[in-house]
1. At most 10 other Cβ atoms within 10 Å and a DSSP loop assignment: could you name the chymotrypsin sites (Phe, Trp or Tyr not before Pro) in the stretch 32-141 that fit?
2. Within a 10 angstrom radius of the beta carbon, how do 150, 115 rank from fewest other beta carbons to most?
3. Count neighbours as other Cβ atoms within 10 Å of each site's Cβ, and list the trypsin sites (Lys or Arg not before Pro) in the stretch 116-208 that are DSSP loop with at most 14 such neighbours.
4. Could you please state, rounded to a whole Å, how far the C-alpha centre of the stretch 36-65 is from the C-alpha centre of the stretch 233-281?
5. With +1 on each Lys and Arg Cβ and -1 on each Asp and Glu Cβ, and nothing else charged, work out how big the dipole of the stretch 11-75 is about its Cα centre, in Debye to the nearest 20.
6. With unit charges on the beta carbons (Lys and Arg positive, Asp and Glu negative) and the dipole taken about the Cα centre of the chain, which residue among 124, 255, 95 sits farthest to the positive side?
7. At a 10 Å Cβ-Cβ cut-off, how would you order 212, 72, fewest neighbours first?
8. Give the percent of DSSP beta bridges with both residues in the stretch 82-255 that are antiparallel, rounded to the nearest 5.
Amino acid sequence: MPWQSTLAEPARSLMTNAQALQNDTVLEAQFIPGFPLADIYDSGPSVLVYASNQESANQAAYRLHQGVMQAKPAFDDRLYSIGDALAWPAPGRCVILADTQDNPGGGGSGDTTDLLHALLRHKIRHACAGIVCDPAFAAAAHAAGVGQTLTQGLGGHSGVGAPSLTTPFTVVALGDGKFTGTGPFYLGCRMDLGPMALVRAQGLDIVVSSRKQQAADRAMFRHVSAEPADYEVLVLKSTVHFRADFASLADDIRMVEAPGVNTADLHALHYRHLRPGVEIL
């Protein structure tokens, strides 16, 4: 799933090529990658063509299918271990580390802490992570107030991966979680993530919410006074949707295989209902 985004290769070129096939007789041509987390007969990839006659439809579908098959190896891109994801020279403006396996949009709890622990161990600075869902921690931050210190553990309540992050946190900013999306994906959407907080631990900023939500809009960070463009490292609990509003900030995007239930390596899933011929990459 991480490489299905039409804002990145290879899906971006496939969609461009599909649009180029459209003409007076081919009214619509699309590549539909499918949804890998759905174990049903129809969840695999497809090409779809509408045309004014069958011959034109067949020809366009064949060309689109050939392009998909040529691009197939690019859909099996790299998943970074946590250690490899944090090993880089200063790359420029920003590196995005996608905590894809804890993406709430794919069933993740939104509260795993493995990447947070690693960032602190590696003494990564100028970094911000979000959105970590921990309503009890958010409530404690609101009770304490801006400028105060918390020692309550953050995240890790789902039982997946590392335990709660226990270190002194400074409450930097607070919000009621009610705001409007400003990015391409959530533009105009009114959100309510419950009480939110921006806390800081050893140079790492963390955006905390009371309701699960994948990090797909900069407004989620700005609501608690965190400007994504100001950071050199962004850790986003998302798989694909974050690209719409965050990709333009990054010189490098790394899909990180940190613990979580939103499995990125499809070989680890046990499909039973896929139609014959669907290949797992």
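Throughout, read-outs are computed from the coordinates displayed, never taken from laboratory work. What you are looking at is a predicted structure, and each value in this text was computed from that prediction instead of being measured. Cβ atoms come from the backbone with ideal geometry, glycine included; neighbour counts cover every protein chain shown.
1. none
2. 150, 115
3. 123, 125
4. Cα centroid of the stretch 36-65 versus Cα centroid of the stretch 233-281: 23 Å apart.
5. 260 debye
6. Result: 124.
7. Numbers: 212 21, 72 13.
Arranged by neighbour count, lowest to highest, 212, 72 become 72, 212.
8. Looking only at bridges with both residues in the stretch 82-255, the antiparallel portion is about 50 percent.
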